[in-house]
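K.L.:
Quick one: the structure is below, questions incoming.
The values are calculated or read from the model by the stated rules, or taken from the named source; none is laboratory data. Keep in mind the model is a prediction, meaning the values are calculated, not measured. Heads up, the Cβs are rebuilt from the backbone with ideal geometry, glycines too, and the neighbour counts pull from every protein chain shown.
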Amino acid sequence: MRMAERASSTGPKTVRATTGREWELFVSDDEGPPRHAGSVSAPTADVAREQARNLLGWSVDDVWLCPADEVERFSPSEDSR
Amino acid sequence: MISVSKLLCDLDAEGDGLRYDAADESGKPQITEEKQRRPVVVWNLTKQCNLYCDHCYAAADTECAPGELSTAEGKRMLDDLADYGVPVVLFSGGEPLVRDDLTELIAYATEQGIRPVLSTNGTLITEDIAHELKEAGLKYAGISVDGLPEANDEFRGQEGAFDAALRGINACLDAGLKTGLRYTITKHNADDLESIVSMLHEEGLDRFCFYHLDYGGRGNEIQDVDLTPGERREAIETVCDMTREYHDRGEEIETLLVGNYADAAYMVEYAREHLGEETAERVYRYLQANGGDPTGERVADVDYQGNVHLTQFWQGYSLGNVRDRPFSAMWEDDSNPLLGALRNREAHLTGKCADCKYQDICRGGSRLRALSVHGDPFAPDPQCYLTDAEVREPNPVVDTGPEPAD
């Protein structure tokens, strides 16, 4: 078996593409501002919303769903080089 | 993971220190007690597979999916897992052998003090590869076969898959690599269970892991071939009877059940009926130390892109990605409401699980199946096959004091 370095990641745009679209979850309760609470795989926003409700609806007041592939992720210190 | 052979036949096995607090009483080398506090991590190295199986929880495909962790990224993750004290990494897929850096990653895990084990369909393992894996420090290869040749090949989507897996098993055994069977029980293959054990035992295999179908990935789409409660009970009874028969003949096979902790309760009931109250109590104590369903606690999963999951089967929800945050930090962060609740699930379980007398050795079984069928991660596991009497009657093993009315 060849000892080989695999190609590095093709970047944030492809990081979360699984069987369906990936949706980042942010939640808030009466303890403070929204915070990240993971992500769900779902083909549409409606399905993602249902999954988020089932998974977390019992514990939080509000949920934000954001398509992971619409999130621009970068490291400012590296970006300015 | 429940060791039937250990519980019913008192067999020593290297993994017992992980499954039970039995390290001190075992005659074989054990994983240290300190490391048992950390999860076993399944790493799905790739989504690519050379087969296309009906029940694949990872929904693996024959094409390579984008965004796989690179070798360097994988090593960084292994560094974090080692620092965190993760005892075991299970290299899985897809089919992990399609990655050409598999032995390099296994060797690296070994160097970091992690015990590397492998989950594979076995069809790509040649004699040379088996030796390379062994030299890299691989401690165990679990090879998936899901029935006798015809049923297996149909389930796995490729004619000849059974024979190729058998060649892989023999290559591993010839290389001196500890090897076992992985067998997911469905309506298609429940009747073949004893035949497959007999066939593979003759080949030299002595470890057999039987999986219940979990409802993740393509496994969620084949619920119609899942066993009924009666069929499931019969299959588990067969595993128990068969294990005892082999041991009675002096053939000390190791048998394990994975993925449904109603099995824990059944083991106690079985022991009481066949082996007596004292053995039933011993079985109960072992299973209490085992801790029931391990989701979000003693097992974790990292997928091919670095997303962290609560178990390998629960790919539809992720805590985050190791490219953004170390695994250890995510796993320690109880502020995630779902993770926190799973670790305190006794306060959340509903229905028959809420006051089941076996709750402390089962902990509600699969939360993924509950979510998939009931839309509620704390509803009862639809695969529970215990009778109402078994669930509700006073616990005969542990004295819980007088009834409130007394």
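K.L.:
Limited to region B:67-117, what total is found for residues that are within 11 Å of chain A (Cβ to nearest Cβ), under 16 Å from B:GLY306 (Cβ atoms) and among the small types (Gly, Ala, Ser)?
P.N.:
Number of matching residues: 4.
K.L.:
Here is a further query. Select, from B:LYS47, B:LYS75, B:LYS134, the only residue that is touching a helix residue (DSSP H, G or I) at 6+ places or on another chain (Cβ under 6 Å) and among the basic types (Lys, Arg). Please lay out each step first, then the result.
P.N.:
Details: B:LYS47 fails: touching a helix residue (DSSP H, G or I) at 6+ places or on another chain (Cβ under 6 Å); B:LYS134 fails: touching a helix residue (DSSP H, G or I) at 6+ places or on another chain (Cβ under 6 Å).
Residue meeting the stated conditions: B:LYS75.
K.L.:
Something else now. Counting just the residues of region A:40-56 that are surrounded by 15 or more Cβ atoms within 10 Å (Cβ to Cβ) and not hydrophobic (A, V, I, L, M, F, W, C), which one comes out farthest from B:LEU368 (Cα to Cα)?
P.N.:
We begin by selecting, within region A:40-56, every residue surrounded by 15 or more Cβ atoms within 10 Å (Cβ to Cβ); these are A:40-42, A:47-52, A:54-56.
Still in the running and not hydrophobic (A, V, I, L, M, F, W, C): A:41, A:49-51, A:54.
Working: A:SER41: 14, A:ARG49: 18, A:GLU50: 15, A:GLN51: 12, A:ASN54: 11 Å.
So, considering only residues that are surrounded by 15 or more Cβ atoms within 10 Å (Cβ to Cβ) and not hydrophobic (A, V, I, L, M, F, W, C), the one farthest from B:LEU368 (Cα to Cα) is A:ARG49.
K.L.:
Taking region B:299-358 as the region of interest, how many residues are in a helix (DSSP H, G or I), at the interface with chain A (Cβ under 10 Å from one of its Cβ atoms) and among the aliphatic types (A, V, I, L, M)? It would help to see each step written out before you state the result.
P.N.:
Our first condition is that a residue be in a helix (DSSP H, G or I); within region B:299-358, this holds for B:327-332, B:337-342, B:345-347, B:351-353.
Among the residues that remain, those that are also at the interface with chain A (Cβ under 10 Å from one of its Cβ atoms) are: B:330, B:337-341.
Still in the running and among the aliphatic types (A, V, I, L, M): B:330, B:338-339, B:341.
Residues that pass the stated criteria total 4.
K.L.:
Among B:LEU118, B:LEU78, B:LEU133, which is surrounded by 18 or more Cβ atoms within 10 Å (Cβ to Cβ) and under 20 Å from B:SER328 (Cα atoms)?
P.N.:
Numbers: B:LEU118 fails: under 20 Å from B:SER328 (Cα atoms); B:LEU133 fails: under 20 Å from B:SER328 (Cα atoms).
So the residue among B:LEU118, B:LEU78, B:LEU133 that is surrounded by 18 or more Cβ atoms within 10 Å (Cβ to Cβ) and under 20 Å from B:SER328 (Cα atoms) is B:LEU78.
K.L.:
Only residues that are in a loop (DSSP other than H, G, I, E, B) and in contact (Cβ under 8 Å) with a residue 24 or more places away in the chain: list them for region B:241-275, please. Spell out the reasoning first.
P.N.:
Quick first cut of region B:241-275, residues in a loop (DSSP other than H, G, I, E, B) only: B:249-253, B:259-261.
If the condition is that a residue be in a loop (DSSP other than H, G, I, E, B) and in contact (Cβ under 8 Å) with a residue 24 or more places away in the chain, then B:GLU251, B:GLU252, B:ILE253, B:GLY259, B:ASN260, B:TYR261 are the ones that fit.
K.L.:
Right, something else. Looking at (1) surrounded by 11 or more Cβ atoms within 10 Å (Cβ to Cβ); (2) modelled with pLDDT under 80, find the lone condition where A:GLU78 falls short.
P.N.:
For A:GLU78, the failing item is (1).
K.L.:
Criterion first (in a helix (DSSP H, G or I) and under 30 Å from B:ALA370 (Cα atoms)) does B:GLU202 satisfy it? Please lay out each step first, then the result.
P.N.:
Working: in a helix (DSSP H, G or I): yes; under 30 Å from B:ALA370 (Cα atoms): no.
No: the conditions fail for B:GLU202.
K.L.:
A further question follows. Could you check, for region B:145-156, whether at least one of its residues is more than 25 Å from B:ASP293 (Cβ to Cβ), modelled with pLDDT of 95 or more and either within 20 Å of the chain's Cα centre (by Cα) or surrounded by fewer than 24 Cβ atoms within 10 Å (Cβ to Cβ) (or both)? If you could, list the steps in order and put the result at the bottom.
P.N.:
In the first step, residues of region B:145-156 are kept if they are more than 25 Å from B:ASP293 (Cβ to Cβ); the result is B:145, B:147-156.
After this cut, where a residue has to be modelled with pLDDT of 95 or more as well, the list is none.
No.
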